[in-house]
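Here's the structure, in structure tokens; my notes come after.
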């Protein structure tokens, strides 16, 4: 009985390697994710030649960690895939500051009670070309070149009894990188990783993710992993900031 079972499995493996039809795969789907990152960031806002104070969002302003839900839609054909992802970043803090802070040209005095908000839409436009694709093999493998534009559209504000200031954040960040997929068990279990980034001198931004996905039923994909993202904006419209996010996430995808 065991010999017959091994013979059947061996036949299926050989068929998948040598005789599986070669077609241009067509894939379209949607994905929902829930990211639980730790957060740290520095911020400075100048105004008309008045240099602002570089503040730490957590230590100086009391900004707390927040979970980040997101959605994504993607379309793929053959070795090409295009996707657009959206998530909303909303952080807030409130505390008596322990030093003078200059923000957008105004000085917030030490011991003032300051309420702060950082709200921005984050939109990722991504294109991937798989220049190495061995999807016909049972334990598949692919390697792709990625081009991405990460667009931030939002604002940061500080409010006290004496001042109420807001500065817009509108900046595109181009990125390039690589993506790798490893089919551990046909189309049932898969490991994936992506790393994209761009920068010069100290102005470096990057976005990296690694996860394991399970497909218990056709069209349904459950995945979880770890994501690290660093955003650096240097003197764009009088605003400079560095924000770091790192933590686990989980997601659910439906594809057709």
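Percent of alpha carbon pairs in the range 114-225 separated by more than 20 Å? Present the calculation step by step, with values, prior to reporting the outcome.
Numbers: 3641 of 6216 pairs.
That fraction is 59 percent.
At what distance in nm do the modelled label points of residue 127 and residue 88 sit from each other, each positioned 7 Å from its Cα along Cα→Cβ?
Using points 7 Å along Cα→Cβ, the separation is 3.0 nm.
In a GNM of the chain with a 10 Å cut-off on Cα contacts, which of 63, 28, 196 has the highest mean-square fluctuation?
Its mean-square fluctuation being the largest, the pick is 28.
Tilt of helix 2-18 relative to the longest C-alpha principal axis of the chain, in degrees (0 to 90, nearest 10)?
70
Would you kindly work out the equivalent ellipsoid of the chain from its C-alpha gyration tensor and give its semi-axes, the square roots of five times the eigenvalues, largest first in whole Å?
With the √(5λ) rule applied to the chain, the semi-axes are 47, 18, 13 Å.
Can you give the calculated 222 nm mean residue ellipticity of the chain, where each DSSP H run of n ≥ 4 adds -39,500 (n - 2.57) and the sum is split over every residue, rounded to the nearest 500 deg cm²/dmol?
It lands at -2000 deg cm²/dmol.
Given the Cα-Cα distance of residue 79 and residue 66 and 0.36 nm per residue of separation, how much length would full extension add, in nm?
Working: separation 13, 0.36 × 13 = 4.68 nm, distance 3.60 nm.
Fully extending the segment from residue 79 to residue 66 adds 1.1 nm.
What is the P(r) of the range 173-256, as percent of Cα-Cα pairs per 10 Å bin from 0?
For the range 173-256, the pair-distance distribution reads 16, 38, 26, 15, 5, 0.
Quote to one decimal, in nm, the extra length available between residue 32 and residue 246 on full extension: 0.36 nm per residue of separation minus the C-alpha distance between them.
Values: separation 214, 0.36 × 214 = 77.04 nm, distance 1.83 nm.
Length gained between residue 32 and residue 246: 75.2 nm.
Using Cα pairs under 8 angstrom and six or more residues apart, how large is the relative contact order of the chain, in percent? Write out the running numbers ahead of the final one.
On the way: 679 pairs, mean separation 45.8, N = 256.
That works out to 18 percent.
Expressed in nm to one decimal, what extension gain is obtained for the pair residue 237 and residue 255 from 0.36 nm per residue of sequence separation less their Cα-Cα distance? The partial results should precede the final answer.
Numbers: separation 18, 0.36 × 18 = 6.48 nm, distance 4.04 nm.
Length difference between fully extended and current span is 2.4 nm.
How large are Rg and Dmax for the range 31-84 when calculated on the C-alpha trace, in angstrom?
18.5, 53
Using the 2.2 N^0.38 Å rule of thumb for compact globular proteins, work out how the range 62-101 stacks up: its C-alpha Rg over that value, please. Spell out each step's value before the answer.
Numbers: Rg = 18.7 Å, N = 40, 2.2 N^0.38 = 8.9 Å.
Working it through for the range 62-101, the quotient is 2.10.
Which value in nm describes the separation of the simple spin-label points at residue 201 and residue 59, placed 7 Å from the Cα toward the beta carbon?
So the two model labels end up 2.4 nm from each other.
At 1.567 mPa s and 4 °C, plugging the Kirkwood radius over alpha-carbon pairs of the range 35-123 into Stokes-Einstein gives what diffusion coefficient in µm²/s? List each step's numbers first, then the result.
Details: Rh = 15.3 Å.
After rounding, the answer is 84 µm²/s.
Taken together, the values in this text are just the output of simple stated rules run on the coordinates, not laboratory data. Note that the structure is predicted; figures quoted are calculated from it, not measured. Every residue, glycine among them, receives a Cβ derived from its backbone with ideal geometry; neighbour counts consider all protein chains shown.
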